[in-house]
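The values are calculated or read from the model by the stated rules, or taken from the named source; none is laboratory data. What you see is a predicted model, and the numbers here were worked out from it, not measured in a lab. In this analysis, Cβ positions are derived from the backbone assuming ideal geometry, glycine residues included, and neighbour counts consider all displayed protein chains.
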Amino acid sequence: MSYRLEYQYAAFTHVMPNAPHDLRYVIGVEGGDNNLYESRSGKRVRSWTVCMLGTPTQVLKQAVYFGGACEGGGLKPFGRDGTPESYIRRIRRLLSEQTPVAQGCWYPAVVVPKGHALVDAAKALGLETSPEGLYGVEYEHIHVGPDQRRLVFEFMDRFPDLNAWSLAKVSGLPKS
Amino acid sequence: MKPINEVGRVVVELPANTTFYSSPMYLAIAFEAASERPEPLLLTRGSTKSLGYQAAYELIGYTLCGDRAQRAVDESLVVDGKPITPEAYLGLWRMAINESCTPGGLLRLHGIRLIAQITGPAERIPRCRSPWTTAPFQSLAESKYARNLPISDGQFALRIDLCERDAARDAFYISEMVTVACRDEDPCSAAILLEGAAAIPTTADLFAPAPSLVEA
């Protein structure tokens, strides 16, 4: 059975407008499956994804959820067996160290299943939406500009069922 | 909202032959503070058609990390009235797994009897056949449980005391047979019931004087 490897982690911070103590995080993770290889280089396929996003509490809850996969061997940070506890501690350290990311950025990229309550909420805010299809499933792309980043966190606050990768993407981070 | 206050926990280990996985399975019980006495709560993954036996990695990785350990982060779950990190919370459950008891031990030490209750339409009984070659009997009708099976309003309701020999195994295979025999719309279910007044697990005070010394 396949498992996910994680190779690199990066934490971006975002201060919410008019609330200097309200710090939010975007956690990018470079990862990929153990049994997928690039045809030319023979290297395992990997890519950067936004895996966790929000307040420190929201991020740690997501870390607990994902860290659970370490217990059964479904997730191996750095290709090694681990425990949910060590995964949670890794993310906790990432949040506390707040090391500036030397290269790369994050940006809003909101794509949710068609009919999700966020679609109506976004339209009520005057945001444009457009349909998207992926692997036979219908989604709605909600157009959030780079100057409206706070909306990504407000969406996470209001709709905690959404995955972080449905709300944001990262770009320009170094490949391992 | 008031946080869940977990005041104890106990894990019951079921024998390695309980399922076709040939490894121990577990039932996890959390004790939550309530108005009169702590309430025992069986931790499951929520299916109404499965008895909820879990491997240790499922208990830690899915059941706890999927719910209660996350609640520890925002203190919507506390332990003995105090906040706890999710890492420490998982550590408590790992200790409980290491110190697990049998169903008989649970009854003896904590006053809780585990009953597997399996229900389904009586008309499906002839179709209750095992999909697994490892089953100790190939159909419900062939098993000892078919004798005097309580039937009411077209539904059978089988209760198996997990303290009995091979009970956990038999309950597992019968619940599998019923799942195979029933259609999606049939009213069938499988669950573990906790019966009896619970005494929450406590740790003895190592420094309490022995009764004989106090009397002297």
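Are there any pairs with C-beta distances below 9 angstrom linking a residue in the range B:144-164 that is more than 23 Å from B:P103 (Cα to Cα) to a residue that is charged (D, E, K, R) and not in a strand (DSSP E or B), with the two at least 6 apart or on different chains, and if so which?
B:G154/B:E123; B:F156/B:R124
Of all residues in the range B:45-67, which are hydrophobic (A, V, I, L, M, F, W, C) and buried (at least 20 other Cβ atoms within 10 Å of the Cβ)?
B:L51, B:A56, B:L59, B:I60, B:L64, B:C65
Each row is one residue, and each column tells you yes or no for (1) among the small types (G, A, S); (2) crowded, with 19+ Cβ neighbours inside 10 Å; (3) within 16 Å of A:R149 (Cβ to Cβ); (4) touching a strand residue (DSSP E or B) at 6+ places or on another chain (Cβ under 9 Å).
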site	(1), (2), (3), (4)
A:H14	no, no, yes, yes
A:D22	no, no, yes, yes
A:Y25	no, yes, yes, yes
A:N34	no, no, no, yes
A:K43	no, no, no, yes
A:T57	no, no, no, no
A:K61	no, yes, no, yes
A:G72	yes, no, no, no
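If you scan the range B:128-156, which residues turn out to be touching a helix residue (DSSP H, G or I) at 6+ places or on another chain (Cβ under 6 Å) and either among the hydrophobic types (A, V, I, L, M, F, W, C) or crowded, with 17+ Cβ neighbours inside 10 Å (or both)?
B:C128, B:S130, B:A135, B:L140, B:I151, B:F156
Kindly indicate which of B:L194, B:L162 is crowded, with 22+ Cβ neighbours inside 10 Å, touching a Pro at 6+ places or on another chain (Cβ under 9 Å) and either at pLDDT 95 or above or under 30 Å from B:E6 (Cβ atoms) (or both).
B:L162
Please go through the range A:67-96 and give me each residue that is touching a Cys at 6+ places or on another chain (Cβ under 8 Å) and among the polar types (S, T, N, Q), ordered by number.
Scanning the range A:67-96 gives A:T83, A:S86.
Between a residue in the range B:39-68 that is touching a residue at least 12 places away in the same chain (Cβ under 8 Å) and any residue that is of a type in the set (G, A, S) and part of a loop (DSSP other than H, G, I, E, B), which pairs come within a Cβ distance under 6 Å, given they are 6 or more apart or on different chains?
Note: pairs meeting the criteria are B:P40/B:A198; B:T44/B:G52.
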